[in-house]
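The values are calculated or read from the model by the stated rules, or taken from the named source; none is laboratory data. Small disclaimer: the values here were computed from a predicted structure and weren't measured. Virtual Cβ from ideal backbone geometry, glycine too; neighbours counted across all protein chains shown. Please note that ligands, DNA and RNA were not included when accessible areas were found on the heavy atoms of the full protein model with its side chains. Shrake-Rupley method; radii C 1.70, N 1.55, O 1.52, S 1.80 Å.
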Amino acid sequence: MAKQTKRRTGKISGKSRANAELEAVLDDLVMGNRILYDQGVVDGYGHVSARDPRNPERFLMSRARAPGLVNYSDIMEFGMNGEPLRDDGRPIYSERFIHSEIYRARADVNGVVHSHSPTVVPFTVTNVPLKPIRAAFFYPEVPLFDTRDVAGWTNLLISNGELGKALAEKLGGNSVVLLRGHGNAVVGPSLRAAVYRAVYTEVNAKLLLQAKMLGGPINYLAPEEAAIMERSQAMHRPGHGADRIWELLKSEAIARTGRPQR
C-alpha cells in the first residue's frame, strides 16, 4: 500500500502569524528606542511605545531605562489605565499616561514617542509656531499643551491619567503636540512611522530655526503639497520613503550602540 504524505499548503497558521507580528513589533520597538537616541532626539530620557498587535487595548513599552540601552527583555505590557499587566517590581516610566491616553483616544495610532527633542523645546516656550518646511505630517497643525491649563503649578510631567487625557485631547487628530517647556509627543499609524516623524520633527525644527536666522518671509510647505507627500509616504514601497530611512537609521544605531540583546 502506497504511503500517503501530507501536502504542505504553505499557509501560515493564525497563531504563527500573530507570533510573527509580535516579533516584528518588538524588533521595531527595541530599535526605535536606539534609533531615537542615536539621532539625538532622546537622551537618557524619553520613551517609545507600540500598540500590542495581539490586543488593541494594550501597549508595549520598555521598563524605565535610558532609550539607548533598551533590550528585548526590558519590554513590558501595559493596559489602557497606564499600569503594567504584571507588576514584577521593575521601575516604569512616570509619564506612561501620555501613551495610554493617546491610545485610548486614537484608534488609528499604533506608535507613540515622547521626547525632549532639543531644537523643538524652544518652540514650546515662544510665540514662534512650529510650521512645516519638510515635515508634511505637521498639518493640520502642531498644537501646544500647557499643564497649567489643567493642573496649575506642576513639575511639567504627564504623570497621571487626567493630564494624559488632556494632552490627548489637545493632540486631537494631529500627529505632533508640543508640551510647554518639556518637549513633544509624536504619533503614527505604526511604530516606524512614529519614530520617523519624531526624527523629522527635530530635523524640521532645525531647518526652521536656520530659515528664521536668514530672515525674510519663509515659503512653508503648502497643505496641498503636504497631502501629496503624505500619500506617497503611506504607500508601502520597499526601498523608498520611510522604509529606506528606517533601514539606514537602524544600521547606524546598531553600529553606534551595538546589537540589542535578545
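Table for the structure above
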read-out	value
Solvent-accessible area, 1.4 Å probe, carbon plus sulfur percent, for the chain	52 percent
Cα-based equivalent ellipsoid, the range 8-141: semi-axes from gyration tensor eigenvalues, Å	29, 19, 15
Shape category assigned to the chain from the gyration tensor of Cα positions, a/c cut at 1.5	prolate
Lysine pairs in the chain with Cα atoms under 27 Å, if 8 or more residues apart or on separate chains	9
Spread of Cα-to-Cα distances over 5 Å intervals beginning at zero, given as percent, for the range 173-231	4, 15, 19, 26, 21, 12, 3, 1
Radius, Kirkwood style, for the range 96-157 when every pair of distinct Cα atoms is counted (Å)	13.9 Å
Residue order for Ile92, Ile35 - accessible surface, 1.4 angstrom probe, largest first	Ile92, Ile35
Gyration tensor (alpha-carbon) shape descriptor, the range 14-59, a/c threshold 1.5	oblate
Sparse-neighbour loop sites [GluC sites (Glu not before Pro); the range 57-140; at most 12 other C-beta within 10 Å; DSSP]	Glu57
Cα gyration tensor, the range 123-234 - rounded (a/c under 1.5), prolate or oblate	oblate
Accessible area per residue in Å² at 1.4 Å probe, computed on the chain	53 Å²
